[in-house]
Amino acid sequence: MRRIVHLSDIHFGRDRADLETPLLAAINAMAADLVVISGDFTQRARASQFRRARAFLDRIAAPTLCVPGNHDTPLDNLFVRLLTPWARYRRHIDKDLEPAHIDAEVAVIGVNTVNPYVWQRGRIARKTVRRVCDAFRAGHDGRFHVVALHHPLEHGPEETKSLTKGAGKALDRLGACGADIVLSGHLHTWRAEPFARKIGRDSFLQVQAGTGLSSRMRGEDNDFNLLILDGDRVEIHRHTAPEGHSAFELHTTARFRRTAEGWQAD
């Protein structure tokens, strides 16, 4: 069994400072094997915001795996964004933009979907998907295969933002090479369900976190996820801090089981 905390879109620089300590307390209480943060550590990629993000990470008890978001490249400094978009992120968060955590039970592969030359829309290249699939194939049968990235690979019908470039082909190939779960953020909305089925795609799960600390909540509460991976079952526990509350509490639990057709609601 593995316990993975997943949070996203912390946005230091436009954050709820009153929730930082309660969020850390809730995360550390989960006794997780790994904490995955799927991007947007900062609001404007300023050095002071990255320093706050680093201090936040240093207070997490479990190992962390981080990937960048589009807000982690400077929007208001075109020179830095075009020439050294990742310098501040590498200095304060992680030198590796696409880290991996692999053990006997789980393989979590980080993917950088940010295109520094296009502010919001993400991208996922064929060679990136090949790298992820190679990592999955290197493990033994029965291990959970998890992809961590910032931009979702599928949008709901109500979403107006542009879908990640290359998302459709990436989903087909990830399904074919045994992906179980894709962790993402970006939209500040929560989601836990199989990707939409289509011919040739095995059913695997998309799990989105909303925003852990941002004050820009888009009609939803601040939240994070706890994933419990155990044999042929996955539980996703969404913890939220409702408006007017300064603590996180369990809000929703989604359960799935692995079948011959892929992951299905249990």
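Tabulated values for the structure
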quantity	calculated
Candidates Asp15, Asp33 - the one that is over 18 Å from Arg238 (Cβ atoms), charged (D, E, K, R) and in contact with a Leu (Cβ under 6 Å, 6 or more places away or on another chain)	Asp15
Matching residues in the range 12-22 - criterion: being surrounded by 24 or more Cβ atoms within 10 Å (Cβ to Cβ) and either of a type in the set (Phe, Trp, Tyr) or in contact with a Phe, Trp or Tyr (Cβ under 8 Å, 6 or more places away or on another chain) (or both)	Phe12
Residue that is surrounded by the most Cβ atoms within 10 Å (Cβ to Cβ) [pool: residues in the range 37-94 that are among the hydroxyl-bearing types (Ser, Thr, Tyr), free of Cβ contacts under 8 Å to residues at least 40 places away in the same chain and closer than 19 Å to Leu213 by Cα]	Thr42
Candidates Thr240, Thr211 - the one that is at pLDDT 95 or above, in a loop (DSSP other than H, G, I, E, B), touching a Gly at 6+ places or on another chain (Cβ under 9 Å) and more than 15 Å from Ile4 (Cβ to Cβ)	Thr211
The range 5-55: number of residues that are in a helix (DSSP H, G or I), out of contact with any Asp or Glu (no Cβ under 9 Å at 6 or more places or on another chain), under 21 Å from Leu75 (Cα atoms) and charged (D, E, K, R)	2
Residue list for the range 252-266, filter: open to solvent by 80 Å² or more (accessible area, probe 1.4 Å) and in contact with an Asp or Glu (Cβ under 7 Å, 6 or more places away or on another chain)	Arg255, Arg257
Of the criteria (1) in contact with a Lys or Arg (Cβ under 7 Å, 6 or more places away or on another chain); (2) open to solvent by less than 30 Å² (accessible area, probe 1.4 Å), which one Thr240 fails	(1)
Meets criteria (more than 28 Å from Thr164 (Cα to Cα), open to solvent by less than 60 Å² (accessible area, probe 1.4 Å) and among the acidic types (Asp, Glu)) for Asp103	yes
The range 221-266: number of residues that are more than 19 Å from Val147 (Cα to Cα) and acidic (Asp, Glu)	6
Meets criteria (touching a Gly at 6+ places or on another chain (Cβ under 8 Å) and at pLDDT 95 or above) for Phe50	no
Counted residues, the range 214-237 - those being open to solvent by 60 Å² or more (accessible area, probe 1.4 Å), assigned to a strand (DSSP E or B) and either acidic (Asp, Glu) or without any contact (Cβ under 8 Å) to a residue 12 or more places away in the chain (or both)	1
Criterion (open to solvent by 20 Å² or more (accessible area, probe 1.4 Å), of a type outside the set (A, V, I, L, M, F, W, C) and modelled with pLDDT under 85) met by exactly one of Asp134, Asp141	Asp141
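The values are calculated or read from the model by the stated rules, or taken from the named source; none is laboratory data. Everything quoted here is computed from the prediction, not taken from an experiment. Note that each Cβ is placed from the backbone with ideal geometry, even for glycine, and that neighbours are counted across all protein chains shown. The accessibility values were calculated without ligands, DNA or RNA, using every heavy atom of the protein model including side chains. Shrake-Rupley method; radii C 1.70, N 1.55, O 1.52, S 1.80 Å.
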